[in-house]
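The values are calculated or read from the model by the stated rules, or taken from the named source; none is laboratory data. This structure is a prediction, so every number in the text was calculated from the model and none was measured. A quick note on method: Cβ atoms are made from the backbone with ideal geometry, for glycine too, and the neighbour counts reach across all protein chains shown. SASA here: full protein model, heavy atoms, side chains in, ligands and nucleic acids out. Shrake-Rupley method; radii C 1.70, N 1.55, O 1.52, S 1.80 Å.
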Amino acid sequence: MKKIKTTEIMETNSTEEVEYQEALIRVKKIKSFYTHLTIYLVVNIMILIINYQDLEAGESFFQWRSFTTAFFWGIGLLSHALSTFIPNWIFGKSWEDRKIKKFLEKEKSEKWE
(Lines give C-alpha, C1' and ligand atoms only; values in the text may rest on other atoms or scores of the structure.)
Protein backbone atom coordinates (compact mmCIF):
# COMPACT_ATOMS: atom_id res chain seq x y z
CA MET A 1 0.00 0.00 0.00
CA LYS A 2 1.34 3.41 -1.01
CA LYS A 3 1.80 5.99 1.70
CA ILE A 4 0.52 9.45 0.94
CA LYS A 5 2.52 12.35 2.30
CA THR A 6 0.81 15.14 4.19
CA THR A 7 2.11 17.72 1.70
CA GLU A 8 0.48 15.80 -1.17
CA ILE A 9 -2.85 15.87 0.63
CA MET A 10 -2.52 19.59 1.35
CA GLU A 11 -1.60 20.32 -2.28
CA THR A 12 -4.57 18.28 -3.53
CA ASN A 13 -6.97 19.97 -1.12
CA SER A 14 -5.71 23.45 -1.95
CA THR A 15 -5.93 22.73 -5.70
CA GLU A 16 -9.47 21.44 -5.31
CA GLU A 17 -10.35 24.44 -3.15
CA VAL A 18 -8.97 26.85 -5.76
CA GLU A 19 -10.89 25.06 -8.53
CA TYR A 20 -14.06 25.18 -6.41
CA GLN A 21 -13.64 28.92 -5.76
CA GLU A 22 -13.06 29.59 -9.47
CA ALA A 23 -16.18 27.57 -10.37
CA LEU A 24 -18.18 29.43 -7.73
CA ILE A 25 -17.10 32.79 -9.15
CA ARG A 26 -18.00 31.62 -12.67
CA VAL A 27 -21.49 30.53 -11.55
CA LYS A 28 -22.06 33.88 -9.84
CA LYS A 29 -21.02 35.73 -13.02
CA ILE A 30 -23.44 33.66 -15.11
CA LYS A 31 -26.25 34.22 -12.62
CA SER A 32 -25.51 37.96 -12.65
CA PHE A 33 -25.70 38.03 -16.46
CA TYR A 34 -29.06 36.21 -16.55
CA THR A 35 -30.43 38.63 -13.94
CA HIS A 36 -29.22 41.54 -16.07
CA LEU A 37 -30.80 39.98 -19.19
CA THR A 38 -34.14 39.44 -17.42
CA ILE A 39 -34.26 43.04 -16.17
CA TYR A 40 -33.28 44.28 -19.64
CA LEU A 41 -36.13 42.36 -21.27
CA VAL A 42 -38.78 43.34 -18.72
CA VAL A 43 -37.89 47.05 -18.66
CA ASN A 44 -37.55 47.38 -22.43
CA ILE A 45 -40.81 45.55 -23.12
CA MET A 46 -42.54 47.96 -20.72
CA ILE A 47 -40.91 50.94 -22.46
CA LEU A 48 -42.01 49.66 -25.87
CA ILE A 49 -45.57 49.16 -24.65
CA ILE A 50 -45.66 52.69 -23.20
CA ASN A 51 -44.19 54.13 -26.42
CA TYR A 52 -46.81 52.27 -28.45
CA GLN A 53 -49.65 53.56 -26.28
CA ASP A 54 -48.41 57.16 -26.52
CA LEU A 55 -48.43 57.27 -30.33
CA GLU A 56 -50.42 59.98 -32.06
CA ALA A 57 -52.93 58.95 -34.73
CA GLY A 58 -51.04 57.94 -37.87
CA GLU A 59 -47.62 58.19 -36.17
CA SER A 60 -45.17 55.38 -36.89
CA PHE A 61 -43.99 53.21 -34.01
CA PHE A 62 -40.65 52.57 -35.71
CA GLN A 63 -38.84 55.73 -34.65
CA TRP A 64 -35.42 56.18 -33.10
CA ARG A 65 -36.87 57.34 -29.76
CA SER A 66 -38.78 54.07 -29.41
CA PHE A 67 -35.62 51.99 -29.39
CA THR A 68 -32.83 54.18 -27.96
CA THR A 69 -32.94 52.67 -24.48
CA ALA A 70 -32.93 49.12 -25.81
CA PHE A 71 -30.08 49.94 -28.20
CA PHE A 72 -27.68 51.60 -25.76
CA TRP A 73 -28.50 49.28 -22.88
CA GLY A 74 -28.08 46.41 -25.34
CA ILE A 75 -24.48 47.50 -25.95
CA GLY A 76 -23.85 47.25 -22.20
CA LEU A 77 -25.62 43.89 -22.08
CA LEU A 78 -23.48 42.63 -24.96
CA SER A 79 -20.28 43.62 -23.16
CA HIS A 80 -21.58 41.88 -20.02
CA ALA A 81 -22.26 38.73 -22.07
CA LEU A 82 -18.78 38.80 -23.61
CA SER A 83 -17.10 39.21 -20.23
CA THR A 84 -19.21 36.38 -18.81
CA PHE A 85 -19.08 33.77 -21.56
CA ILE A 86 -15.82 34.65 -23.29
CA PRO A 87 -13.68 35.80 -20.33
CA ASN A 88 -10.41 34.59 -21.82
CA TRP A 89 -10.96 36.32 -25.13
CA ILE A 90 -8.58 39.24 -24.54
CA PHE A 91 -7.00 38.68 -21.14
CA GLY A 92 -6.96 34.91 -20.88
CA LYS A 93 -5.54 32.57 -18.29
CA SER A 94 -2.13 32.46 -19.99
CA TRP A 95 -1.98 36.26 -19.90
CA GLU A 96 -2.79 36.22 -16.18
CA ASP A 97 -0.13 33.59 -15.53
CA ARG A 98 2.51 35.61 -17.44
CA LYS A 99 1.62 38.79 -15.53
CA ILE A 100 1.73 37.03 -12.15
CA LYS A 101 5.10 35.50 -13.00
CA LYS A 102 6.41 38.90 -14.14
CA PHE A 103 5.29 40.60 -10.91
CA LEU A 104 6.75 37.84 -8.74
CA GLU A 105 10.08 38.04 -10.56
CA LYS A 106 10.07 41.82 -10.17
CA GLU A 107 9.42 41.54 -6.44
CA LYS A 108 12.22 38.99 -6.03
CA SER A 109 14.70 41.20 -7.89
CA GLU A 110 13.70 44.24 -5.80
CA LYS A 111 14.16 42.31 -2.53
CA TRP A 112 17.70 41.29 -3.46
CA GLU A 113 18.80 44.76 -4.48
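Things worth noting here:
- Eligible aspartates and glutamates near LYS106 by straight Cα distance, threshold 16 Å, same-chain separation 8 or greater: GLU96, ASP97
- Carbon plus sulfur fraction of accessible area for segment 14-98, probe 1.4 Å, in percent: 68 percent
- Segments 47-58, 73-84 sorted - mean Cβ within 10 Å per residue, highest first: 73-84, 47-58
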